[in-house]
1. Would a scan of the stretch A:333-345 turn up a residue that is small (Gly, Ala, Ser), more than 9 Å from chain B (Cβ to nearest Cβ) and under 15 Å from residue A:53 (Cβ atoms)?
2. Just to be sure before I move on: is residue B:252 touching a strand residue (DSSP E or B) at 6+ places or on another chain (Cβ under 9 Å) and open to solvent by 50 Å² or more (accessible area, probe 1.4 Å) in the structure I sent?
3. Quick one: would you say residue B:70 is modelled with pLDDT of 95 or more, within 13 Å of residue B:350 (Cβ to Cβ) and not hydrophobic (A, V, I, L, M, F, W, C)?
4. Taking the stretch B:193-220, which residues are in contact with a strand residue (DSSP E or B) (Cβ under 9 Å, 6 or more places away or on another chain), more than 18 Å from residue B:251 (Cα to Cα) and not small (Gly, Ala, Ser)?
5. What is the residue count in the stretch A:35-49 for residues that are surrounded by fewer than 24 Cβ atoms within 10 Å (Cβ to Cβ) and more than 11 Å from every other protein chain (Cβ to nearest Cβ)?
6. Can you name every residue in the stretch A:118-142 that is under 23 Å from the mean Cα position of the chain (by Cα) and assigned to a loop (DSSP other than H, G, I, E, B)?
7. Would the stretch B:353-367 turn up any residue that is part of a loop (DSSP other than H, G, I, E, B), open to solvent by less than 20 Å² (accessible area, probe 1.4 Å) and on the phi < 0 side of the Ramachandran plot?
8. Of everything in the stretch A:59-77, what is more than 10 Å from chain B (Cβ to nearest Cβ) and part of a loop (DSSP other than H, G, I, E, B)? Give them in sequence order.
Number of protein chains: 2
Amino acid sequence: MTDSFSFSLRTTDGPARLGQFRTPHGIVETPAFMPVGTQGSVKAMRHEDLEAVGAQIILGNTYHLYLRPGDQLIARRGGLHSFIGWPHPILTDSGGYQVFSLAERRKITEQGAEFRSHLDGSLHLLTPESATDIQGRLGSDIAMVLDECIAYPATHDDAARSMERSVRWAQRCRTRLMEIRDGSAAEIGATNSGQAQFGIVQGGVHPDLRGQSAAATMDIGFEGYAIGGLSVGEPIDLMYEVVGDTARQLPEHQPRYLMGTGTPQDLVECVARGIDMFDCVLPTRNARNGQLFTSQGRLNIKNARYAEDEGPVDPECRCYTCRTHSRAYLRHLFAAGEMTAGALNTLHNLSFYLDTMRRIRDAISLRTFERFRQEFLRSASRLSLDS
Amino acid sequence: MTDSFSFSLRTTDGPARLGQFRTPHGIVETPAFMPVGTQGSVKAMRHEDLEAVGAQIILGNTYHLYLRPGDQLIARRGGLHSFIGWPHPILTDSGGYQVFSLAERRKITEQGAEFRSHLDGSLHLLTPESATDIQGRLGSDIAMVLDECIAYPATHDDAARSMERSVRWAQRCRTRLMEIRDGSAAEIGATNSGQAQFGIVQGGVHPDLRGQSAAATMDIGFEGYAIGGLSVGEPIDLMYEVVGDTARQLPEHQPRYLMGTGTPQDLVECVARGIDMFDCVLPTRNARNGQLFTSQGRLNIKNARYAEDEGPVDPECRCYTCRTHSRAYLRHLFAAGEMTAGALNTLHNLSFYLDTMRRIRDAISLRTFERFRQEFLRSASRLSLDS
């Protein structure tokens, strides 16, 4: 364990948890949503925008930053926080998910994943050790272990073999981090001595495998635990079931992170099952495509019905976009291909997500989470404004 | 004349003038630079960004807004200010410049310009009257007359014929505006009863034609006067000469607007020749292409020399971009194709332009403009940081 990272559970309301974790770059209140800053920038946002909407932590993608501008360059510039000018907490993924998505451009062995860059075709090898080293140089506050991601559906046998490999890789990642921490791997040039590391529970939708993975990963011992391999096409109720079953087996006094999820409803439903942390490209990617999340459901701003609609995107929202602009103007900007459309839409969607997290935390604090959850789900499903 | 528009000259320092004009949407200090908001949005900027850098007025392009979303729709939404959510002054051009740029997609007659939309090929007719009506519906604070724009170089004969047509068109625009003002054209649905109208002096680089155009345009009588048909390829010294000669012939107590210019040096040199207002796409367009204006010259952020440069774009600049980010990070964002690169670069370039205007006004106020000009030109040309 590192002294620099700590999690404290403040109160619970059923399985829902209110807490906070401390990192070398500040405190994050949980349940937390982490906007995705793939290349060291949350798309269409300035850092001040993220602060304005209440983001306390962002996620950086190791695969992208490793390829460009390179982890060595970032380390020479003092690490990722310093390079991008974001003084608050950062979590980095391991790069594994992107590499596994490269399909025929990658080959997986016990050693690691060999892949060709999507930028220039150059050949690279990502191993548990190198994924740990790269994240060490990036100097994120929370690093993730390299795990194997498999497609859904997978047979029990395939899911078992893959989960077991992920456990072996997790052990190698932890061993490597310990070498960095104890100074025996000083040559890699890590930039954040207080970096925490989270293990990842795999096992597909198979309860027995999830249980084995959780036990083995906890046995290695990490500062926090993630649930990986979900939101990959399985039915939503099955996902919720796996999340709830797995979360129950994780340590009470450490944070639980559900990777790559999800819709606003998913956030509420998974907090209800004991999750503390989320990340997802949905609010940012959908914003750039014109899909906006509101308290009354989703709307597609390109729809002709908004051409002369003077109302704000969401009458309950207080973000800059909703305070300043009408749906009619936002539709015009989108139709005209103005990049400001992407910025204004992203600002709103992230406001909606971060505001939802605030309301979740308030409700847990007041022990009214179950009522909040019922109302939120009713309201969000009441009206999908556009198909 | 309208009561709602007035210009007051506060002081002069040689030919350089310090003043301000009042519009139905607020006051603008001159010399002023107007960022270009082609489609009702200054590219990559939010309105709050424009306020932050000190923009007091923006320009909208009638051609683009007429085609999309349409001046009728904008009028139904209360006019351009209301539609786009910008409560400060707006100037609109006549649409002529864009139509003349359509080359083989347009045909010019005494009646006006027939053209095909670049969006869908539909056929449209822009006349002095319709250009006035469209701007009336947009409800800008300052409307421009429709003038004929010719290519450089043009023979004396061609320039004379074109200038004379522009004078006839200016008269038709003024007559039409008077009908709108006196209520006899209420059916067009103008949205800003205090809209001013500027005439445009043409005549190419021929001093006699510029003189005739200025006299004839002043004879019609407008709230302000623009110099058009420059920055179209003529040598820079010739442009400065035409600007100085023309400005001298314009009324002392009305604003003078040099259209479509220019570089930071151009702004300083033309203020030195009596100009009060400028617009140009240079700071915004170049920003999106990675070219940044600084107190030490221009730099191209994509240049490899900036890959690990921890300094700000311009050490003398206090904009968000310079306060927050290094050249190294901005280069990374540009190379990675992040749209935030365009936003951060535009924020800086507009800051540099608006800050230059502030320094110009301060210098005139202190009657040290000539010294400021010498220092500015030396400093700006000292070092073109990149070729």
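1. Of all residues in the stretch A:333-345, those small (Gly, Ala, Ser) come to A:335-337, A:341-343.
Subsequent filtering for residues that are more than 9 Å from chain B (Cβ to nearest Cβ) retains none.
No; the residues of the stretch A:333-345 include none that is small (Gly, Ala, Ser), more than 9 Å from chain B (Cβ to nearest Cβ) and under 15 Å from residue A:53 (Cβ atoms).
2. Details: touching a strand residue (DSSP E or B) at 6+ places or on another chain (Cβ under 9 Å): yes; open to solvent by 50 Å² or more (accessible area, probe 1.4 Å): yes.
Answer is yes for this residue.
3. Spelling it out, it is not the case that residue B:70 is modelled with pLDDT of 95 or more, within 13 Å of residue B:350 (Cβ to Cβ) and not hydrophobic (A, V, I, L, M, F, W, C).
4. Once the filter is applied, which keeps residues that are in contact with a strand residue (DSSP E or B) (Cβ under 9 Å, 6 or more places away or on another chain), more than 18 Å from residue B:251 (Cα to Cα) and not small (Gly, Ala, Ser), the stretch B:193-220 yields only B:195.
5. 1
6. Taking the stretch A:118-142 first, the residues under 23 Å from the mean Cα position of the chain (by Cα) are A:118, A:126-142.
Result: A:118, A:127, A:139, A:140, A:141.
7. From the stretch B:353-367, those part of a loop (DSSP other than H, G, I, E, B) are B:366-367; that's our starting set.
Restricting the remaining residues to those that are open to solvent by less than 20 Å² (accessible area, probe 1.4 Å) gives none.
Checked against the condition, which is being part of a loop (DSSP other than H, G, I, E, B), open to solvent by less than 20 Å² (accessible area, probe 1.4 Å) and on the phi < 0 side of the Ramachandran plot, the stretch B:353-367 yields no hits at all.
8. The answer is A:61, and nothing else.
The values are calculated or read from the model by the stated rules, or taken from the named source; none is laboratory data. Just so it is clear, the structure is predicted and the values come from calculations on it, not from any experiment. All Cβ positions, even for glycine, are placed from backbone atoms using ideal geometry, and neighbour counts span all protein chains on display. The accessibility values were calculated without ligands, DNA or RNA, using every heavy atom of the protein model including side chains. Shrake-Rupley method; radii C 1.70, N 1.55, O 1.52, S 1.80 Å.
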